[in-house]
Structure formats: structure tokens, C-alpha cells
């Protein structure tokens, strides 16, 4: 008999683990209802059907195994749906009233799903208000628009601003909750996010940082983090392009001297891909990056790549000696005054090494290219 005790204990532990990861979603209707209902697993920009069930006697049920927070939609054939945020072990009960179902349901057993209900219903009210303003606007004659148009436009902007402030307040109060992701990505229409202003990127950043600590393996959190990085990169490039358009040519692509005093600028390299690498011989990280740059240069120089390396060494002779000793084959120049570096300041360089990539037309297309990301980008460009 004793031989079976370990086996029984293992089975009990496995069952306990399964129960911890299992979620149950039950739905009931206060009004007669029948047909099919679907369970979709939700991403930011799409949904994937994972199950379906028949509504029998006004009830349905789903069961699933999850290991972390998951977003779902309970969807009906007429495209009505409600959103859920399920956590492992939750037993979620949804009570549906009359149509539209999204505005007439309650949810119990899932605090995250209750947050989603509140966010979605608030947004639906906002959309209804905006549609009302649009309808009035489109019904007016030109003469009427001249009188009422400005008032209606002001009302429209005010409604949008109210929704934006609501989402910001929710995000700030729920920084460590997965439901904050829903608030970040809600849309007023197919092309307009509620948090649409450039400065709203800060809210994506703080939520990403907070959730990355709490849910480091969640694919939703990883996707948010990648999106933040992409948006920051795009904003940085846009800012650089805007700044470049307002500054003299000598400020954005200055001529800098190499170890022999020859003056060279990035603008003189049009027609090539140019990796601009900011470094210093006193930076251990910069020196450690040299072998990788040497390998990249050997692989891709003949295919159209040039490296334009900008030194911020305070000691000019040390920089010259290292360039000679390392036999650096690419363009190596130095800021004329490393204490007040013109090019580096314009490019907002705050750490070393830092790499920017210019396309053959002279546009900055990538920033923060280091390590594996740099190797992948070079492969994408030259080995496609």
C-alpha cells in the first residue's frame, strides 16, 4: 500500500496545479436567448477564437487553462461582445440583460474583468455622444454651419478630451494592473486612439515598466514593451528630423577631423548606408564593441556600408594612438570640443557607445543600434 502513496500524492499535487490555472466562464441571460457564443483570446490588434459553446436554457460555459493574465472576448454571432481580463483560478460569472449586451451586463468573480466592463462601457457612451454631434453637424445647411459649426466642433473636442482624461486617470490609479493595458489601447475609431497625443507615450512607458516587474513573462506585457520601444524610437527620429530642418547644415552634419586632420561629414557619404558610432577610448563598452564593428565592416563595406565613428575623447593624442594601434579601417573622427560636442548634442547622445543608422538618402532610420539588434539590422539590409 505504501508504494502507492507517492503516486497518489503526485496526482493530487498535479490536480491542485491544474485547478490553480483553470478558469471557468459562465454566462446567463435574463431574457430568452439561444444560439452559439464564441470565446476569443484578445491581442491589441486582433482576436483568435479558442472555443465555442451552445447557449442552452439561457446559459453557457467555457473552461480554459492559463498560466498568467489573459484578455478574452465573449462574442456573439451578431458581433456583439464583452471583454474579460481573466487571472488563473478565477470563476467568472456574467449576467446579461437586454441588447445591446455590452451596455447591459454585470460580471462577478474577476476584478480585472470588472475593470474592463467599466472602461468599455464608458468608451461606448463617449462614442454615442460623438456620433450624436456628428449627426447634428452633417444635418446642418451651410448657413447653419456658419452659426453652429464652431460650437459643435468645440463640443466634439471637449468630449474627446473628457475620455482622454478619464483613461489617464484610470492608468495612473492602476499602474500595476493588466487592465491598464486596455485603457492605453482603447480607440475612438479605427484610426484614433483615446490616448492620441505624443506626450501620452509616457503613460505607456510607466505601465510597461511597472508590469514588466510584476508579469515579466506575459506576452501582453512583452508586446507593450516592444511597442513602447518602437514608439520612442519613432518619436526620437521625428524629433531629430524636425530639429535638423531648423538648424544649419553644419550643425546636423558637421565636418569633423580624422587623425590626420582630414575633414569629413556624414552628408558627403550620401548613396551609402552610414553607421554613425559615438564612442570614447576611455569607455570599456566602446572598446568591447570594436571587434563587432570590425566584423560588420568586413562583411558589408563592399556592399555599401560605411562606418563614421565619432570620438568624444577629451585626450586627442590618446584617441589618435588607439586608432593607429587598433588599425581602424573606417572613418574615425573626433568632436572638436568634446566638452561641448556639437554633433553629439544635436543627436541627443547621452551614453557611449551609441549608434545611429543613415539610409543612402541621408535619413536617420534607426537609433540605439547595439549588440544583437545591430547585427540583425545589418543582416536585414544587406542579406535580403
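The values are calculated or read from the model by the stated rules, or taken from the named source; none is laboratory data. The structure presented is a predicted model; accordingly, all values stated were derived computationally and were not measured. Here the Cβ positions follow ideal geometry from the backbone for every residue, glycine too, while neighbour counts run over all protein chains shown.
Please go through segment 88-109 and pick out each residue that is free of Cβ contacts under 8 Å to residues at least 40 places away in the same chain and assigned to a loop (DSSP other than H, G, I, E, B).
Selection gives 99, 100, 104, 109.
Give segment 196-211 a look and list any residue that's more than 11 Å from residue 177 (Cα to Cα) and touching a helix residue (DSSP H, G or I) at 6+ places or on another chain (Cβ under 7 Å), or say none.
198, 201, 203, 204, 205
Given the criterion assigned to a strand (DSSP E or B) and without any contact (Cβ under 8 Å) to a residue 12 or more places away in the chain, identify the matching residue among 48, 28. Break it down stepwise before answering.
Details: 28 fails: without any contact (Cβ under 8 Å) to a residue 12 or more places away in the chain.
Step by step, each of 48, 28 is checked, and only 48 is assigned to a strand (DSSP E or B) and without any contact (Cβ under 8 Å) to a residue 12 or more places away in the chain.
Look through 138, 177, 158 and report the one residue that is farther than 30 Å from residue 84 by Cβ, modelled with pLDDT of 90 or more and assigned by TED's automatic domain parsing to the domain that holds residue 211.
Only one candidate qualifies: 158.
Looking at segment 267-281, can you tell me whether even one residue there is farther than 19 Å from residue 353 by Cα, touching a helix residue (DSSP H, G or I) at 6+ places or on another chain (Cβ under 8 Å), surrounded by fewer than 16 Cβ atoms within 10 Å (Cβ to Cβ) and at pLDDT below 90?
Within segment 267-281 (the criterion being farther than 19 Å from residue 353 by Cα, touching a helix residue (DSSP H, G or I) at 6+ places or on another chain (Cβ under 8 Å), surrounded by fewer than 16 Cβ atoms within 10 Å (Cβ to Cβ) and at pLDDT below 90), the answer is yes, since at least one residue qualifies.
I'd like the residue in segment 92-107 that is loosely packed, with under 14 Cβ neighbours inside 10 Å and farther than 21 Å from residue 47 by Cα and, out of all such residues, is modelled with the lowest pLDDT.
Across segment 92-107, the extreme among qualifying residues is 99.
Considering only residues of segment 29-42 that are at pLDDT below 90 and surrounded by 13 or more Cβ atoms within 10 Å (Cβ to Cβ), which is nearest to residue 73 (Cα to Cα)?
Here the answer is 42.
Find the helices (runs of 4 or more DSSP H) located wholly in segment 269-373 whose residues include 1 or more that are more than 16 Å from residue 257 (Cβ to Cβ) and under 33 Å from the mean Cα position of the chain (by Cα), and list them.
Working: elements: 284-300, 316-326, 342-346.
Filter on segment 269-373 gives 284-300, 342-346.
Using the structure shown, decide if residue 161 is under 27 Å from the mean Cα position of the chain (by Cα) and touching a residue at least 24 places away in the same chain (Cβ under 8 Å).
no
Only one residue in 148, 187, 134 is under 30 Å from residue 214 (Cβ atoms) and in contact with a helix residue (DSSP H, G or I) (Cβ under 9 Å, 6 or more places away or on another chain), so which one is that?
Going through 148, 187, 134 in turn, the sole match is 187.
Would you be able to say whether some residue in segment 333-347 is surrounded by fewer than 14 Cβ atoms within 10 Å (Cβ to Cβ) and at pLDDT 90 or above? Reasoning before the result, please.
Filtering segment 333-347 for residues surrounded by fewer than 14 Cβ atoms within 10 Å (Cβ to Cβ) gives 337, 339-340, 345.
Checking the rest, the ones that are also at pLDDT 90 or above come to none.
No, segment 333-347 contains no residue that is surrounded by fewer than 14 Cβ atoms within 10 Å (Cβ to Cβ) and at pLDDT 90 or above.
Exactly one condition in (1) part of a helix (DSSP H, G or I); (2) at pLDDT 95 or above; (3) surrounded by fewer than 17 Cβ atoms within 10 Å (Cβ to Cβ) is false for residue 114; which is it?
Every condition holds for residue 114 apart from (3).
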